[in-house]
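**Q** Got a structure for you, questions after.
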Amino acid sequence: MKVIVIGGSGHIGTFLVPRLVRAGHEVINISRGTSKSYAEASEWEQVRQVTADRQQEDRDGTFGDRIAGLQADVVVDLVCFTLGSATSLVNRLRGETGHLLHCGSIWRYGKSLKLPIAEGSGSAAAPFDEYGIQKDRIARMLKEETADGGLVTTSLHPGHIVGPGWHPTGPLGNLDPAVWYTLSAGEPLRVPGSGAELMHHVHADDVAQAFEKAISNRDAAAGEDFNIVAPTALSVRGYAEIAAGWFGQAAELETVTWDRFRESTTAEYADSSWGHLHRSHCFTIEKAKALLGYAPRYEPEQAVLESVTWLIDHDQLRVARPLGALAG
């Protein structure tokens, strides 16, 4: 099949595009042309590259025409963030494309109410930031589109994506690199809240696997939405203890109030921590396993360790001790 991947040079596309090539598909990558994939793969030599500014073309009303003109069987949209953009593309592809797959986010859910969170179960509150609100609206629109007999669509909702080449969401729910130095040095780490809050990561290649399986199981995926995460979630305290152990240290955690935590870090890192920990997410992947055959290869700590190892090896993360206590 001919498959278009919109935004294929990013985290997920780095793994998805080579997977699709290996599966025998003709692949077209749509990107701004400003970045390369995070990992090299010979399969990219077989990929047709098309440069486009999605935001500008959405404003001009030409992006849907560009995609439709390529006459693909499948369109995978990894970089759509507003209901207006998603609706415009659906309207243009209706009747012309066999399957549209959208990359959502677990932030379509607000704070957890009942764990694990399942699709359509009411086990989480409504989303509370604009990013999550838009992702939820898009997912609902896509389900309605397919249910009404229109374009066949599927939305997949990854957790906190991890992989080699970029910083993972850390034990405090932010991207502060100092957290890793503190843990590697065995120094006290201030933890806001109780330390029992949860985060649900997923390796980028496992997300790519889910998209590939949704493409190959179109009928089962039609009109559905899926949580795509690792088999388990990490608590703040457990994450910190596991990570400190990689450096031969025991985590020394100091539980503090949110007000005190905000005084000790930047507003950006504090807001990120609040966003992740206030939600305290843990998801079930039973639906994706049953309908798609989704089988994630990585536990969350394995995915994070791979990312941290890459960052240290490429001098992009400062730590006090080497990774001398690697698991395996």
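**Q** Anything in the range 271-328 that is of a type in the set (A, V, I, L, M) and in a loop (DSSP other than H, G, I, E, B)? List them, or say none. Steps first, answer last, please.
**A** Of the range 271-328, the ones of a type in the set (A, V, I, L, M) are 277, 285, 288, 290-292, 295, 303-305, 308, 311-312, 317, 319-320, 323, 325-327.
Answer for the range 271-328, where residues must be of a type in the set (A, V, I, L, M) and in a loop (DSSP other than H, G, I, E, B): Ile285, Ala295, Leu317, Val319, Ala320, Leu323, Ala325, Leu326, Ala327.
**Q** Within the range 238-251, does at least one residue satisfy the condition of being in contact with a strand residue (DSSP E or B) (Cβ under 8 Å, 6 or more places away or on another chain), among the small types (Gly, Ala, Ser) and assigned to a strand (DSSP E or B)?
**A** No, every residue in the range 238-251 fails to be in contact with a strand residue (DSSP E or B) (Cβ under 8 Å, 6 or more places away or on another chain), among the small types (Gly, Ala, Ser) and assigned to a strand (DSSP E or B).
**Q** Condition (residue is open to solvent by 60 Å² or more (accessible area, probe 1.4 Å), more than 20 Å from the chain's Cα centre (by Cα), in contact (Cβ under 8 Å) with a residue 24 or more places away in the chain and over 23 Å from Ile117 (Cα atoms)) applied to the range 224-243: is it met by at least one residue?
**A** yes
**Q** Tell me which residues, restricted to the range 156-178, are open to solvent by less than 10 Å² (accessible area, probe 1.4 Å) and within 22 Å of Ala267 (Cα to Cα).
**A** Correct list: Pro168, Gly170, Pro171, Leu172, Gly173, Asn174.
**Q** Going through the range 95-107 one residue at a time, which ones are over 21 Å from Gln209 (Cα atoms) and surrounded by 17 or more Cβ atoms within 10 Å (Cβ to Cβ)?
**A** Hit for the range 95-107 is Thr97, nothing else.
**Q** Suppose we filter Lys114, Lys143 for residues that are closer than 24 Å to His278 by Cα, more than 19 Å from the chain's Cα centre (by Cα) and of a type outside the set (S, T, N, Q); which single one remains?
**A** Only one candidate qualifies: Lys114.
**Q** If a residue must be open to solvent by less than 80 Å² (accessible area, probe 1.4 Å) and closer than 25 Å to Trp310 by Cβ, how many such residues does the range 43-65 contain?
**A** 3
Yes or no, residue by residue, for (1) farther than 15 Å from Ser105 by Cβ; (2) of a type in the set (A, V, I, L, M):
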position: Ala139; (1), (2): no, yes
position: Gly149; (1), (2): yes, no
position: Val162; (1), (2): no, yes
position: Gly165; (1), (2): yes, no
position: Thr169; (1), (2): no, no
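**Q** Sticking with this one: How many of the residues making up the range 119-144 are out of contact with any Gly (no Cβ under 8 Å at 6 or more places or on another chain), more than 23 Å from Ala204 (Cβ to Cβ) and not basic (Lys, Arg)?
**A** 8
**Q** So which of Lys114, Lys143, Lys135 is basic (Lys, Arg), farther than 30 Å from Arg318 by Cβ and touching a residue at least 60 places away in the same chain (Cβ under 8 Å)?
**A** Lys143
**Q** Follow-up. For the subset of the range 255-270 comprising residues that are in a helix (DSSP H, G or I) and open to solvent by 30 Å² or more (accessible area, probe 1.4 Å), which member is farthest from Ser121 (Cα to Cα)?
**A** Looking at the filtered set, the residue picked out is Glu263.
**Q** Another question, then. Mind telling me which of the residues Gly110, Gly120 ends up being farther than 23 Å from Asp53 by Cα and at pLDDT below 95?
**A** Of Gly110, Gly120, the one residue that is farther than 23 Å from Asp53 by Cα and at pLDDT below 95 is Gly120.
The values are calculated or read from the model by the stated rules, or taken from the named source; none is laboratory data. The shown structure was predicted, so the numbers you read here are calculated from the model rather than taken from an experiment. Note that we place each Cβ from the backbone using ideal geometry, even for glycine, and neighbour counts take in every protein chain shown. Remember, those area values only see protein heavy atoms, side chains included, never the ligands or the DNA or RNA. Shrake-Rupley method; radii C 1.70, N 1.55, O 1.52, S 1.80 Å.
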